[in-house]
1. With respect to residue A:89, determine if the residue is in contact with a His (Cβ under 8 Å, 6 or more places away or on another chain), over 26 Å from residue C:166 (Cβ atoms) and touching a residue at least 40 places away in the same chain (Cβ under 8 Å).
2. Can you name every one of the helices (runs of 4 or more DSSP H) wholly within region B:185-291 that holds 1 or more residues which are more than 30 Å from residue C:63 (Cβ to Cβ), out of contact with any Phe, Trp or Tyr (no Cβ under 9 Å at 6 or more places or on another chain) and touching a residue at least 40 places away in the same chain (Cβ under 8 Å)?
3. With the checklist (1) within 14 Å of chain C (Cβ to nearest Cβ); (2) closer than 29 Å to residue A:290 by Cα in hand, flag the one item residue B:273 doesn't pass.
4. Please give the number of the condition residue A:138 fails out of (1) closer than 22 Å to residue A:248 by Cβ; (2) within 10 Å of chain B (Cβ to nearest Cβ).
5. So residue C:129 ticks every box in (1) farther than 30 Å from residue B:336 by Cα; (2) assigned to a strand (DSSP E or B); (3) within 24 Å of the chain's Cα centre (by Cα) but one. Which box is left unticked?
6. Residues in region A:168-181: is at least one surrounded by fewer than 16 Cβ atoms within 10 Å (Cβ to Cβ) and closer than 22 Å to residue A:106 by Cβ?
7. Being out of contact with any helix residue (DSSP H, G or I) (no Cβ under 8 Å at 6 or more places or on another chain), in a helix (DSSP H, G or I), modelled with pLDDT under 85 and farther than 30 Å from residue C:155 by Cβ is the requirement here; does residue A:226 meet it?
8. Of these, C:268, C:249, C:212, which one is within 14 Å of chain B (Cβ to nearest Cβ) and within 27 Å of residue C:70 (Cβ to Cβ)?
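The values are calculated or read from the model by the stated rules, or taken from the named source; none is laboratory data. Computed from a predicted structure; not experimentally measured. Virtual Cβ from ideal backbone geometry, glycine too; neighbours counted across all protein chains shown.
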Amino acid sequence: MNTPWWRNRRLLPLLVQAVVGLLVLVTIALLLGNLVRNLSAAGLLLSWRWLNLPAGFDISETLLPFNAELPYWRALLAGLVNTVRVVLIGLIGATALGTLVGSAAFSSNGLLRRLSRTYVELIRNVPLLLQLLFWYFVVFLSLPNGTAAIQLPWAVLAKSGLYLGSTQLIDGVWHGSLRITLEFAALLTGLIIHSGAFIAEVVRGGVAAVPRGQWEAARSLGFTPGQTLSRIVLPQALRVIVPGLNSQYISLAKNSSLAVACGYSDLYSVAETTLNQTGRAVEVVLILLGTYLAIDLIISLLMNRLNQLVQIQER
Amino acid sequence: MNHRLLPLASRLRRELFATPLDGLISVGLVVGLGAGLQALLHWALTQADWAVVQANSTLLVVGRYPLEQQWRLWLLTALLCGAAGITWGLLRGRGWPRSDRLAAAVLLVLGVVLPASLGLTAPIQQRWWWITGLLLLGRWAAGCWGAALPLRWRRLLPLAWPVLYLLGLGLIGGGLGLMTVRPSQWGGLLLTLIEASFAILVCFPLGIALALGRRSALPLLRWCSTLYIEFIRGAPLITLLFLGQNILGFLLPGGLAPDRVWRAAWILTCFAAAYVAEAVRAGLAALPRGQWEAARSLGLNMAQTLLHVVLPQALRVALPATVGQFITLLQDTTLLSLIGLLDLLGVARAVMANPEFLGRNAEVYLVLAVLFWCCCAALGLGSRALEHRLNRHSLRSEP
Amino acid sequence: MALRQRLLISLAGLFGLALAGCASDEGSLQSQKMALIKGRGELICGVQGTLPGFSSVEGDGSYVGLDVDICRATAAAVLGDPGKVQYRDLNPSERFAALASGEVDLLSRNTTYTLSRDAAGGNGLSFAPVVFYDGQGLMVPKASGITDIKGLSGKPICVETGTTSELNLADRMRELKQPYTPLKFQTSDQTYAAYLQGRCAAVTTDRSQLAAKRTGFPNPGDHVLLPDVISKEPLAPATVNGDPLWSDAVRWTIYALMQAEELGITQANVEAKVSEARANPNLADLRRFLGIEGDFGQQLGLSPDFVVQAIRAVGNYGEVFERNVGSGSVLRLERGLNRSWKSGGLIYAPPFR
């Protein structure tokens, strides 16, 4: 019996793949061809030499020393360091907040339980950008200045920044052992509160996945509810929580690019300035995409290692 | 009296004061929440100035849509509400169960009380009354006589919505004798809804195709889909939008690149498709392999297996995650304001830049937050209701 | 296996063909841009959109301003109708990419003419004549008591990102060896919002723009411009580098507005001047300028009467200036450097010959 060619089990997959491959290749070729043609028409052929030219602009706050004489790649590096800084602190803060709120969903206190739900539902349904703008333009920019600044035992909140540690007022200007700019503070607050809600959901799901019997067994052995949660249930819940945390961490890293809305000089914001001053759109976008991809991969790798650890402990 | 109060008291005691620590936490929370609520009320009633929202309500809702063409948007709203009423009626039939009566009451309040309390002009208030009336009339009429319609007509109902959507886009954009209103003139809530609805509608099939591609037995398909999904998921949306605004023009032959608004819509679509694909893939993965084999051994071909056996089950599992992505997508439209488009947030920021309303950020952000919250929460509720319904059906159909 | 290899080879061949096909159509002297604009029947003009005097939106959605008038004049010269313009609001960050990728035909968005923006190895733009000579200034709240740039040492300064302002500020502060904190925002809206909320001690940009923005402040008198002018800011429209014919058309349309001021031709008397030139064959200069004699329009790829169309649409340069930023506007800027060369300014059109 002769099968027609379109029923041929060996030819058909090859044919389908060939057609798809051809389509993809032709599309890529067309796009690249256009790119090269349009770029050369605009006199902007791909080149990386501009990375070594002096940037000529300043960056408001950097961990790496930076000034306008240093080259563009140093500016981008300073931006990257700023991004890493906010992401790292954000990760820690959001994890702490998320764990607290997620655990509160299992509290014996009804008010605390409901508050935890309300917080999650409130934050998850409002866009992050809106929250960031709110924190910066409404909350932090309306802080008073000088002697009217809000003074707490361990910190001073003023329009010129948040001062931690030992603080004093000299000539109407606050000084402290650690100063945090309003831009950084607003971005960090927004990211922690937003990601905290999502992480709380992950934690809640993880804890809910632990069999009820574990709670009861621990209680009958005389553990307090707090001890039960922290010593018995959370360690077991980690197995479910860690994979969920991975994707939340990645989205926090990506969301940090919204820094541009509240004036913090992260990688994206510096890249945008660089694009303007050099006109190198394609190169800048390539750098951006590559860097964020690398950050995501690093987070994924680390979380996978952590996941392995958690899973091994389980056995 | 006493025995009705008692359970409440004991419940309160159990919930709030079970242990001394619980009591302490409860008292602390009550005091803190009370203070916060009082401060908020104090601000909302004495310090807030809602003139900024009232004076710019048209701008916030439709942006720079030409004033003399706005009747088209009213017509579209009326059509949509009418269709929604009829669909509602056809689904529910003659009776008015309690949930429907409740929904009708809420709609009446929204349509009558809200426009009045917002201080809108009389003609606009009346238009809202008419539209609410139309919705409820559609519900009532379709409920009474819907069952009498021939089955073939009722089958057309799912088709009516896509047609209405295209008609709506036509009404908004113009052409065919209507004055064209360019996408650059769309703005505010209108633009946000257009972008979000377009991206949701198109990213769904795209995401299913990508998910199938990623689980395909053909290596090339698998690699391409995986590469695409991982690439998109690795990049922040803002860099992709930035790419769309700054590089797409280079990638396409001169003049062929779509308008900025549509360009952003396509970027949103391609972005969301990768995430929807992952949600659908999880649904596919949850499906026992036997389902495929059983369907194939019954003599169904690939397409039939997919359409009638695999996808319906996989999508049911993927529903909550998929709707979650749609909610995220709706929120992500706010990023359009960062690339210079006048979506709801973009218009709001332009309004706040107006020196007349300087420092009125809190009011505007609050209104936007409430609006987004309601839309997203409604989507979430709808998804849960649908999930419930589907699960009930699946249980019933099983022997 | 053999089948697979053959498939791969033919795929590679097709890929090569596609690449070759993409690289071969170039090099005719026709203006693609102008053909595109005429085909579309509309000029797409990139503007700022929220800058009173230069480009802003009226209540009815129409655009007005000096930059806008340049767009209108160009549309009149190319298409014969000043209304055939589609405006795009652009951020500083996106303006050059929008021009380079062909999203806008003409960038008329208070853009400073600089070497690196002009050079093929830089942004690769082609600049039209300068339509506004400006300088960068600083604005501070009067109550701060700061009187010059030295008083801003160590203070935060708000600046829009992607502008020459941020570069000039960096240069000037480096010269003065003064520390400062640049707070950068994407849009002018955010920049002024942060300034007015007191986050920065000063805001810096072109002086005309500061003056324009100040008119909209709740209490304009509470803010002062510092006397320091920290840079030269010649603002000019720009087109993409690769289309000399199109750039020439824009360039000479703008020169025509300046020449018209020298010749005393206004929006009101342009028709009279045309009939006067028609009637009198001895007015050779005027006849050539107005397209009654010679083929200037044709040389540029425009209609013979493009000058008349442009003047009819917006008037001469002086009228454009006064109406939008000068005595006829809320900004009330002095003409200063922007006077015609005949009255001691820098506005000078090369001969129409």
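1. No: the conditions fail for residue A:89.
2. Here the list reads B:188-214, B:219-234, B:260-285.
3. (1)
4. So the condition that residue A:138 fails would be (1).
5. Only one criterion in (1) farther than 30 Å from residue B:336 by Cα; (2) assigned to a strand (DSSP E or B); (3) within 24 Å of the chain's Cα centre (by Cα) is unmet by residue C:129, namely (2).
6. no
7. yes
8. When all the criteria are applied, what remains is C:212.
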